[in-house]
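*Asks:* Okay, handing you the structure first.
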Amino acid sequence: MAMEMRLPVARKPLSESVGRDTKKHLVVPGDTITTDTGFMRGHGTYMGEEKLIASVAGSVERVNKLICVKALKTRYNGEVGDIVVGRITEVQQKRWKVETNSRLDSVLLLSSMNLPGGELRRRSAEDELAMRGFLQEGDLISAEVQAVFSDGAVSLHTRSLKYGKLGQGVLVQVSPSLVKRQKTHFHDLPCGASVILGNNGFIWIYPTPEHKEEDAGAFSANLEPVSLADREVISRLRNCIVSLVTQRVMLYDTSILYCYEASLPHQIKDLLKPEIMEEVVMETRQRLLEQEG
C-alpha cells in the first residue's frame with residue numbers, strides 16, 4: 001500500500017518585496033497608536049493617559065484626522081449597498097431570518113423581494129401563506145443590504161433579477177476583512193465557473209449558466225446534475241480561495257484568477273498541502289505586484 005510521508009519544514013521568512021500588506025501598521029490591544037492629541041478617535045481605539053490606544057488587533061487606518069483600527073478577524077458589520085450571501089434560518093410573519101455572519105440575524109421582508117414572474121403589486125395574505133414555497137429554511141440566497149438598524153442588524157432586499165435563490169455550487173466561509181470592496185461582486189471567470197464574493201465573507205462558487213433566466217423571478221434554483229469538468233473547476237477554485245485566505249491575501253476576481261492559473265500544474269487535492277499552498281500564493285502575489293507595477 002502506497003503511503004505518503006511529509007516532514008515538517010522550517011518556515012521561510014517572507015521578503016519585504018512580497019506585497020504591500022507587510023507595510024501596514026499592525027497593532028494588538030493595548031498598543032499605543034499615537035500620543036498626538038490632535039487626532040480623532042475612531043472604531044477600535046480608546047483614549048488613555050492622553051494616548052490613543054488600540055482596543056482590537058488589526059491594521060491602523062487614517063482618514064484625515066480620524067484614526068481607526070480595522071480588525072483582521074471580525075464579524076460582518078453591514079453597510080448599505082453591500083452584496084451578501086446568506087442562509088435562511090427561520091420563516092416568520094412577513095419576513096425571513098437570514099444568517100449573514102453578522103452579530104445578529106439579518107431580516108428579509110416579504111415586501112423587499114420580487115414576486116414570481118416579477119409582477120408588481122401589494123403583498124396579500126396568499127403571498128404570506130406561500131412564503132415557505134418561495135424560500136425555506138436552509139436555502140442560500142444572494143441579496144443587497146437595504147438598511148442597517150441602530151442595534152447593528154441588517155435589512156436585505158432582492159429586488160433585482162441578479163439576486164435571489166442560489167442553486168448548485170459550493171459555499172466558502174472566510175473572514176469579511178479579506179473580501180475586497182469593488183463595484184461588482186458577481187464575477188464570471190474565464191475558467192468556466194462564476195463566483196459571488198459576499199462582503200460578509202460568504203463566497204459562492206457555481207458553474208457559469210449558459211443562459212440567464214430572466215423570467216424566473218429569482219425563485220427557481222437550477223438543480224440539474226453538474227458535469228465532472230465543472231465540479232473539478234469549482235473544487236480547484238475552492239482550494240485556491242482557501243490557500244489565499246491562509247496566506248492572508250485579499251480576495252477579488254484578479255487574485256482568484258491568478259491563483260487558479262498558478263495552481264494548474266498541481267493536482268486539486270495537492271493544493272491543500274502547506275508547501276504547495278505557499279508556492280502557489282507566492283506566485284500569485286508576484287503577478288499581482290507586477291500588475292500594480
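*Asks:* Have a look at Ala193, Ala125, Ala147 and point out the one that is small (Gly, Ala, Ser) and open to solvent by less than 10 Å² (accessible area, probe 1.4 Å).
*Replies:* Answer to the check: Ala193.
*Asks:* What are the residues in region 150-174 that are open to solvent by less than 40 Å² (accessible area, probe 1.4 Å) and assigned to a strand (DSSP E or B), if any?
*Replies:* Scanning region 150-174 gives Val154, Ser155, Leu156, His157, Thr158, Gly164, Val172.
*Asks:* Can you tell me which residue is nearest to Asn199 (Cα to Cα) among those in region 78-115 that are open to solvent by 70 Å² or more (accessible area, probe 1.4 Å) and assigned to a loop (DSSP other than H, G, I, E, B)?
*Replies:* Glu79
*Asks:* In region 241-293, how many are without any contact (Cβ under 8 Å) to a residue 40 or more places away in the chain, assigned to a loop (DSSP other than H, G, I, E, B) and in contact with an Asp or Glu (Cβ under 8 Å, 6 or more places away or on another chain)?
*Replies:* 2
*Asks:* Go through the residues of region 57-74 one by one and say whether even a single one is within 30 Å of Glu137 (Cβ to Cβ) and either modelled with pLDDT of 85 or more or open to solvent by 100 Å² or more (accessible area, probe 1.4 Å) (or both).
*Replies:* Of region 57-74, the ones within 30 Å of Glu137 (Cβ to Cβ) are 73-74.
Next, only the ones that are either modelled with pLDDT of 85 or more or open to solvent by 100 Å² or more (accessible area, probe 1.4 Å) (or both) stay: 73.
Yes; the residues of region 57-74 include at least one that is within 30 Å of Glu137 (Cβ to Cβ) and either modelled with pLDDT of 85 or more or open to solvent by 100 Å² or more (accessible area, probe 1.4 Å) (or both).
The values are calculated or read from the model by the stated rules, or taken from the named source; none is laboratory data. This structure is a prediction, so every number in the text was calculated from the model and none was measured. Methodologically, a virtual Cβ is constructed for each residue, glycine included, from the backbone with ideal geometry; neighbour enumeration extends over all protein chains shown. When the accessible area is computed, the model is the full protein with side chains, heavy atoms only, and any ligands, DNA or RNA have been set aside. Shrake-Rupley method; radii C 1.70, N 1.55, O 1.52, S 1.80 Å.
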